[in-house]
Amino acid sequence: MTQGPFPATRFRRLRRTEPLRRLVRETTLSPADLIWPLFVRDGEGERDAVPSMPGVERLSVDLLVEAAREAAGLGIPAICIFPYTDAALKTEACEEAWNPDNLSNRAVRAIREAGIDIAVMTDVALDPYNANGHDGIVRDGVILNDESVEALVRMALEQARAGADILGPSDMMDGRIGAMRSALEAEGFRDVTIMSYAAKYASAFYGPFRDAVGASGALTGDKKTYQMDPANADEAMRLVARDLSEGADMVMVKPGMPYLDICARVKGEFGVPTFAYQVSGEYAMLRGAADRGWLDGEAVMFESLAAFKRAGCDGILTYFARDVARHLQN
Ligand code: PBG
């Protein structure tokens, strides 16, 4: 590609008016790009604020169904459910994770029964149910891989039974995608999709999320023996290749904005459906600054999401999903 020298080339010609800018815009954001993460709690008619995530609430199942209905009406194709589990239900063996009637499974069923035309994604990891806050089974201070995978498979099957469309293993154990895929095939869930949290980093940007699901207090130590080192990039490519080879339909990079280089490489090297998770800490930074008048909240919301599209992502999990979709509708 060659560009003529100035003044044959003047880039500003195509930036002069909004219609001209729109004409040559390389990427666009639509509600179809969004997955809306939602927190579910016990009770009926209950909603409570998450202080470190202004504007985000935990909703009881009945209100969650209404939120899903609104999302579908706004053209958002998927929601992702995260349960706030009562501390009394958290154990070392994490049995509540595969209880067919746990909060997450009840929420999925309620959305299915309401007949809402939206894809429902669930999180496959033990942390909401684990007495020590880890994503895997812990014995003598060690997070056990293969025992965790067995537990995760049981959990995944119950989520499929409840009617989940997309399973989102966020645990970062080795071999879990293959184990889940063969169990799903064996049990007749041939069409359940897996969006692997393939490149998930041991990030400090998850702090507000752990408040939202009530895992902050429980967590002992850190997640560095299973989540990725933020200094690594080639390893992310190997993880994506591995998860695809085991049967993942889609892959995710998490967090989002600090890892756009990873998003671009994944899309470029594999060309598969690639998603980014704009995580709780990213949301908190933007919302927190906007609420203080330090940033233009609407502008940074759109700019941050445009960055994911530019990097090649097919979609974004974002707590801004409903706000964005409402703005796009107007
Ligand atoms: C749990 C899980 C986490 C997030 C999604 N699933 C937290 C963690 O790994 O500690 C983070 C999401 C966010 O920060 O918005 N496995």
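The values are calculated or read from the model by the stated rules, or taken from the named source; none is laboratory data. Remember, predicted model here, so these are calculated numbers, not experimental data. Here the Cβ positions follow ideal geometry from the backbone for every residue, glycine too, while neighbour counts run over all protein chains shown. Surface areas here come from the heavy atoms of the whole protein model, side chains and all, with no ligands, DNA or RNA. Shrake-Rupley method; radii C 1.70, N 1.55, O 1.52, S 1.80 Å.
Tell me, what HN-Hα J-couplings in whole Hz come from the Karplus equation 6.51 cos²θ - 1.76 cosθ + 1.60 at θ = phi - 60° for each residue of the stretch 179-192, using x for Gly and Pro?
With coefficients 6.51, -1.76 and 1.60, one gets 5, 5, 4, 6, 5, 4, 4, 5, 8, x, 9, 5, 9, 6 Hz.
Tell me the Rg and the Dmax, in Å, that the Cα atoms of the stretch 29-329 produce.
When restricted to the Cα atoms of the stretch 29-329, Rg and Dmax are 17.7, 54 Å.
For the stretch 29-329, with only Lys/Arg (+1) and Asp/Glu (-1) charged at the beta-carbon, what is the dipole magnitude about the Cα centre, in debye rounded to 20?
Charge dipole of the stretch 29-329: 520 debye, to the nearest 20.
Go ahead and collect, in residue order, the members of the stretch 205-228 whose backbone nitrogen is under 16 Å from a label point 7 Å along the Cα-Cβ direction of M285.
Under 16 Å, as judged by backbone N against the label point of M285, lie 205-209 of the stretch 205-228.
When ligands, DNA and RNA are left out and all protein chains stay put, how many square angstrom of accessible area per residue does the chain have with a 1.4 Å probe?
Details: 14760 Å² over 330 residues.
Solvent-accessible surface per residue comes out at 45 Å².
Separation of the stretch 51-74 and the stretch 157-228 by C-alpha centroid, Å?
About 21 Å separates the Cα centre of the stretch 51-74 from the one of the stretch 157-228.
With all protein chains present, how much of the accessible area of the chain (probe radius 1.4 Å) comes from carbon and sulfur, to the nearest whole percent? If you can, show how the numbers build up before the last one.
Numbers: 7520 of 14760 Å².
Its accessible area is 51 percent carbon and sulfur atoms.
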